[in-house]
Amino acid sequence: MSDDWKPRTKMVHSGIRRSQYGEVSEAIFLTQGFVYDSAEAAEARFLQTGDDEFIYARYGNPTVRMFEERIAALEGAEDAFATASGMAAVNGALVSMLKTGDHVVSARALFGSCLYILEEVLTRYGVEVTFVDGTDLDAWAAAIRPNTRAVFLETISNPTLEVIDLRAVAELAHKVGALVIVDNVFATPVFSDAIAQGADVVIYSATKHIDGQGRALGGVILGTTEFIRKTVEPYLKHTGGAMSPFTAWVMLKGLETLDLRVRAQAAGAQAIAEALDGDDRLNAVLFPGLPSHPQHAIAQAQMGAGGTVVALDIKGGQAAAFRFLNALRIITISNNLGDAKSIITHPATTTHQRLSDDQKDALGITPGLVRLSVGIEDPSDLLADLRAALDAV
Ligand SMILES: *Cc1c(COP(=O)(O)O)cnc(C)c1O
């Protein structure tokens, strides 16, 4: 493995471990445990003094380790711990490091289950959480205080695609020694430079772009060796939530084509956003790659692209949005994102249904808003599908 390989080379080759058979494709080690040559060897293994000392698949398996090493190489992180889902990663990263009396500052616009962990779970154990408008640096500065142990954010918010200035937030957090934890799904490993920009811990739901083909749930926590092995591993090792070897193999195959897929998806999203911008049947096209986007400059500097998701606010509210969704022929109604297939969601009645009307208003989730995750289909076919559905509204 080489540190100076370009990302596309790392996506194919980093972390590979071959068995004595010299297989080309990564082997799936479907084993929960490992045998020892002697009682002394078993005793020595439990001391875990060297590399490759697998003991039990709840905290180590060769196929899972290949995935962890490949994504760590790609992200520029020292180490990684793979989990059964994106939420196991978010929960593991936060709960492993926090204790009663700690304070966390979080952006308000979060994936619903992340909001649940911060609002309902952590607070039940005496962790205080302050929510801020992630794009308002003064609000971050006012909320961060000496006992703030962590800040939590998604660099691009779901579903309204606001972009948070990671460097600026990290600078504020690091002044008080708080850890910067980034849920980086929307930026994707392709457009992320989160660690260089100040993140201490980066989390992916691998279910999204990393698999990218709608097959498996998975997640990963990336950070320093110290954080992953001394804080995250002891917690996850004893509480479960490990990634399965089969899932790790699916994710390794996903990583091989990640760059090709995500760049094609981002180009499609850019083309669709530009083509629909200004359409008089829409109140707005929200996409960080459009110059009209309020954080366009930050998105360009932080990611160099607008991402793979476009939000459209359709005139006529929920009824018009439903007519629009029901008229689509290629783009499917579902709630995943990052998939090879283009997927559309009506957040107000599905992913964000649980929120009150006030919370929806605060996050800009209007009745006409739809979130489009652009797949790898030909963008001209997608655009024709979207235009025909707008005609049908
Ligand atoms: C999907 C998602 C998650 C949760 O991931 P799962 O793999 O579904 O558990 C967390 N954060 C963000 C931003 C997501 O999009």
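The values are calculated or read from the model by the stated rules, or taken from the named source; none is laboratory data. No experiment lies behind these values; they were computed from the predicted model shown. With ideal geometry, Cβ positions are generated from the backbone for all residues, glycine too; neighbour counts draw on all protein chains shown.
Couple of notes before you dig in:
- Taking the criterion of being within 12 Å of Val182 (Cα to Cα) and either part of a loop (DSSP other than H, G, I, E, B) or within 15 Å of the chain's Cα centre (by Cα) (or both), the residues of region 149-164 that qualify are Phe152, Leu153, Glu154, Thr155, Ile156, Ser157, Ile164.
- Residues that are farther than 18 Å from Leu137 by Cα and within 16 Å of the ligand (Cβ to nearest atom), drawn from region 96-125: Phe111, Gly112, Ser113, Cys114, Leu115, Tyr116, Ile117, Leu118, Glu119, Glu120, Val121, Leu122
One line per residue, one yes/no per condition, for (1) of a type in the set (Ser, Thr, Tyr); (2) in contact with a Gly (Cβ under 7 Å, 6 or more places away or on another chain):
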{"site": "His103", "(1), (2)": "no, no"}
{"site": "Ala107", "(1), (2)": "no, yes"}
{"site": "Val129", "(1), (2)": "no, no"}
{"site": "Val132", "(1), (2)": "no, no"}
{"site": "Asp136", "(1), (2)": "no, no"}
{"site": "Ala139", "(1), (2)": "no, no"}
{"site": "Thr148", "(1), (2)": "yes, no"}
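- For beta carbons closer than 7 Å, sequence separation of 6+ or different chains, a first residue in region 12-38 that is under 14 Å from Thr63 (Cβ atoms) and a second that is polar (S, T, N, Q), the qualifying pairs are Glu26/Thr63; Ala27/Ser19; Ala27/Thr63; Ile28/Thr63; Phe29/Asn61; Phe29/Thr63.
- Screening region 339-356 for residues that are without any contact (Cβ under 8 Å) to a residue 60 or more places away in the chain and in a helix (DSSP H, G or I) and picking the one that is surrounded by the fewest Cβ atoms within 10 Å (Cβ to Cβ) gives Thr349.
- Residues in region 112-156 that are surrounded by fewer than 23 Cβ atoms within 10 Å (Cβ to Cβ), among the polar types (S, T, N, Q) and under 21 Å from Gly338 (Cβ atoms): 1 in all.
Conditions (1) away from the ligand (no atom under 16 Å from the Cβ); (2) of a type in the set (A, V, I, L, M, F, W, C); (3) surrounded by fewer than 19 Cβ atoms within 10 Å (Cβ to Cβ); (4) within 25 Å of the chain's Cα centre (by Cα), marked per residue:
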residue	(1), (2), (3), (4)
Ala321	yes, yes, no, no
Arg329	yes, no, yes, no
Asn335	no, no, yes, yes
Asp358	yes, no, yes, no
Leu363	no, yes, no, yes
Val374	no, yes, no, yes
Leu386	yes, yes, no, no
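- Test result for Ala41, out of contact with any Gly (no Cβ under 7 Å at 6 or more places or on another chain), more than 16 Å from the ligand (Cβ to nearest atom) and among the small types (Gly, Ala, Ser): yes
- Boolean, Arg215 is away from the ligand (no atom under 15 Å from the Cβ), among the basic types (Lys, Arg) and surrounded by fewer than 24 Cβ atoms within 10 Å (Cβ to Cβ): no
- Of residues in region 173-198 being within 14 Å of the ligand (Cβ to nearest atom) and hydrophobic (A, V, I, L, M, F, W, C), the one surrounded by the fewest Cβ atoms within 10 Å (Cβ to Cβ): Ile181
- For region 112-146, a residue qualifies if it is in a loop (DSSP other than H, G, I, E, B), closer than 21 Å to Glu162 by Cβ and charged (D, E, K, R), and the qualifying residues are Asp133, Asp136.
- Qualifying residue in region 235-255 (condition: in contact with a Leu (Cβ under 9 Å, 6 or more places away or on another chain) and of a type in the set (Ser, Thr, Tyr)): yes
- Condition check for Glu256 on (1) farther than 22 Å from Ile28 by Cβ; (2) among the acidic types (Asp, Glu); (3) away from the ligand (no atom under 14 Å from the Cβ): one failure, at (1).
- Options Leu258, Leu286, Leu252: the member that is modelled with pLDDT of 95 or more and touching a Lys or Arg at 6+ places or on another chain (Cβ under 8 Å): Leu252
Yes/no per residue for (1) over 21 Å from Ser380 (Cα atoms); (2) surrounded by 24 or more Cβ atoms within 10 Å (Cβ to Cβ); (3) more than 14 Å from the ligand (Cβ to nearest atom):
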| position | (1), (2), (3) |
| --- | --- |
| Ser205 | yes, yes, no |
| Val220 | yes, yes, no |
| Phe246 | yes, no, yes |
| Asp277 | no, no, yes |
| Gln295 | yes, no, yes |
| Gln302 | yes, no, yes |
